[in-house]
1. Checking the conditions here, which among T151, T132 is among the hydroxyl-bearing types (S, T, Y), at pLDDT 90 or above and touching a Lys or Arg at 6+ places or on another chain (Cβ under 8 Å)?
2. How many of the residues making up segment 111-134 are assigned to a loop (DSSP other than H, G, I, E, B) and farther than 17 Å from I23 by Cβ?
3. When the residues of segment 148-170 are narrowed to those that are in a helix (DSSP H, G or I) and either under 21 Å from R89 (Cα atoms) or touching a residue at least 40 places away in the same chain (Cβ under 8 Å) (or both), which ends up farthest from the chain's Cα centre (by Cα)?
4. Within segment 299-330, which residues are charged (D, E, K, R) and not in a helix (DSSP H, G or I)?
5. Report yes if D100 is under 27 Å from Q313 (Cα atoms), modelled with pLDDT of 85 or more and part of a helix (DSSP H, G or I), otherwise no.
Amino acid sequence: MPALHDLGYRSLFAHPELVRELITDFTSFKLLDEVALSAFERVNPAYVSEHLSARQDDIVWRVRVGQQFLYVYILLECQSGVDRWMALRMQTYIGLLYQDLVKRHELSPGLLLPPVLPLVFYNGVPHWSASTELAGLLMQAPAELAAFQPTQRYVLIDQQRLDRTALEANASLLALLFRLELSLFPDVSTKVLPALTTWFKQAPQASLRRSVQVWVNGLLARATGNSGLFMVDSAQEDADMGGKLATWAEQLEEIGFQKGVALAEKAKAEGKAEGQVIALRGMLGSLLRSRFGDLPAPAAQRIARATQAELEQWFERSLSTPSLQAVFDDGATST
């Protein structure tokens, strides 16, 4: 089941602008630097595993590089725990993706499988100690079998250990959000928040502004335990974004971001999931109101009574469905 923080990042990485920024600014790969956003295509990862369960949680983008298709596979690992078996999981996911491409007849004219860039985005506090290649999980094979062993690798983006100087010099939207989440810079109130305010005023895409708002809501909910500190209910409120961000800066100074995160993690460890459900209800309500206007009483009542699993499902649908009814329709599917 996806965590509350995962949902915020899925909302961000549903936009090609931020996918491109993640790769060009936070990896060593340069092949997408000059690629137009129109070359990015979101792929529905509803392929089926060996246990006959569809994988809906992965984020997969197909990017046209020259005359070929490069599949950018992004797995968001936003929990604090380290997954020892990530390299094995990546090999499995990529194998399922390839099988699905073959099944759907979506290969190149030469019937060749496309290249894949597997990315793991990690923002936990402990150092990532898991091997970034499958070879690190295998016993040493006899020499005559060595050439036949799998060699899957993945790229790790460890947010907590990004170069602080380079991050501070980066003016991209994703870098600003990372700096807000890390909250380790003395210039958050004087530089980061004003830059984000300027971005809100200039951002042409309402959907991207909405995703950033959803992400900030989740960040505040985890940091302070108060999901109502930064609730943006309509596009008209964008004009007062500077005041809202200034209020948030004051809250950070009073509470302390790191202390808030520690308290949230402690509550989670003690099994106090109700706070996450309350925060998720607030995030979903904010997103729905910004897309469809005031919520009718039946919809608000359904949200108030919903389980965490239902709220997460509706949140995923609300990012792309064309109507409020489609969000709650049991027959709706995510795209």
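The values are calculated or read from the model by the stated rules, or taken from the named source; none is laboratory data. Here the structure is a predicted model, which is why all the values come from computation and not from measurement. Cβ atoms come from the backbone with ideal geometry, glycine included; neighbour counts cover every protein chain shown.
1. T132
2. Number satisfying all stated conditions: 11.
3. That would be F148.
4. D329, D330
5. yes
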